[in-house]
1. Can you find a residue in region 107-115 that is touching a strand residue (DSSP E or B) at 6+ places or on another chain (Cβ under 7 Å) and either among the polar types (S, T, N, Q) or in a helix (DSSP H, G or I) (or both)?
2. I need the full set of residues from region 77-96 which are touching a strand residue (DSSP E or B) at 6+ places or on another chain (Cβ under 9 Å) and surrounded by 14 or more Cβ atoms within 10 Å (Cβ to Cβ), in order please.
3. Please tell me if residue 27 is farther than 19 Å from residue 97 by Cα, at pLDDT below 85 and assigned by TED's automatic domain parsing to the domain that holds residue 94.
4. Which of the residues belonging to region 50-64 are in a helix (DSSP H, G or I), within 12 Å of residue 89 (Cβ to Cβ) and not hydrophobic (A, V, I, L, M, F, W, C)?
5. What is the residue count in region 35-50 for residues that are within 29 Å of the chain's Cα centre (by Cα) and either surrounded by 14 or more Cβ atoms within 10 Å (Cβ to Cβ) or of a type in the set (Ser, Thr, Tyr) (or both)?
6. Give me the pairs: first residue in region 134-159 and closer than 21 Å to residue 124 by Cα, second residue among the basic types (Lys, Arg) and at pLDDT 90 or above, beta-carbon distance under 6 Å, and six or more apart or on different chains, which are they?
7. Could you identify the single residue in 75, 80 that is in contact with a helix residue (DSSP H, G or I) (Cβ under 9 Å, 6 or more places away or on another chain) and in the same structural domain as residue 102 (by TED's automatic domain parsing)?
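The values are calculated or read from the model by the stated rules, or taken from the named source; none is laboratory data. Since the structure is predicted, the reported quantities are computational estimates derived from the model, not experimental observations. A quick note on method: Cβ atoms are made from the backbone with ideal geometry, for glycine too, and the neighbour counts reach across all protein chains shown.
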Amino acid sequence: MEKKGFISEFKEFIMRGNVIDLAVGVIIGGAFQKIVTSLVNDIIMPVVTRITGGVNFENWFIALDGNKYRTLKEASDAAAPTLNYGVFITEVIQFVIMAFVIFLLVKFMNRVASLRKVDTKEEPAVTKICPYCKSEIDIEATRCPHCTSILETEASSEV
């Protein structure tokens, strides 16, 4: 058995379909994250700020140096350590929105997949039930192998 070199093993690993699919997924996910971030920061948060009377979540913070700052930028410029719970709230909102959008996307993809399923035709029956002993028997049987009853066939019942 020939040993593969490190480089050839790496090439084989990288060329597997699932690795490429994963890379594409990560790249698309990064782009999708930017879209959701923009949706939250540029569309939803301004509406929430307007509804809450001008409250800006990004300026909800606690300065850990004991001083008071009006904005997070002021505290940052003063190099003050801060606990930024408003930024955290924004991130939670982004997460919930992203989860909802992904839920809708998966729901849509499942619906499309179910519409594409081909209806399978029922195969003709190969067995029937004996009317006397209720055993399952071959569809073409004229006598039940279990109870030995003579079975009426469709051709003889039509006469």
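1. No - not one qualifying residue is present in region 107-115.
2. Listed by number, the residues that qualify are 80, 82, 84.
3. When the stated conditions are applied, residue 27 does not pass them.
4. We begin by selecting, within region 50-64, every residue in a helix (DSSP H, G or I); these are 50-51, 57-59.
Next, only the ones that are within 12 Å of residue 89 (Cβ to Cβ) stay: 57-59.
Matches in region 50-64: 58, 59.
5. Within region 35-50, residues that are within 29 Å of the chain's Cα centre (by Cα) and either surrounded by 14 or more Cβ atoms within 10 Å (Cβ to Cβ) or of a type in the set (Ser, Thr, Tyr) (or both) number 9.
6. Close Cβ pairs satisfying both conditions: 139/128.
7. None of the others qualify; the one that does is 80.
For (1) exposed (fewer than 11 other Cβ atoms within 10 Å of the Cβ); (2) in the same structural domain as residue 140 (by TED's automatic domain parsing); (3) in contact with a Pro (Cβ under 6 Å, 6 or more places away or on another chain), each residue gets a yes or a no:
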{"site": "33", "(1), (2), (3)": "no, no, no"}
{"site": "52", "(1), (2), (3)": "yes, no, no"}
{"site": "69", "(1), (2), (3)": "no, no, no"}
{"site": "110", "(1), (2), (3)": "yes, no, no"}
{"site": "126", "(1), (2), (3)": "yes, yes, no"}
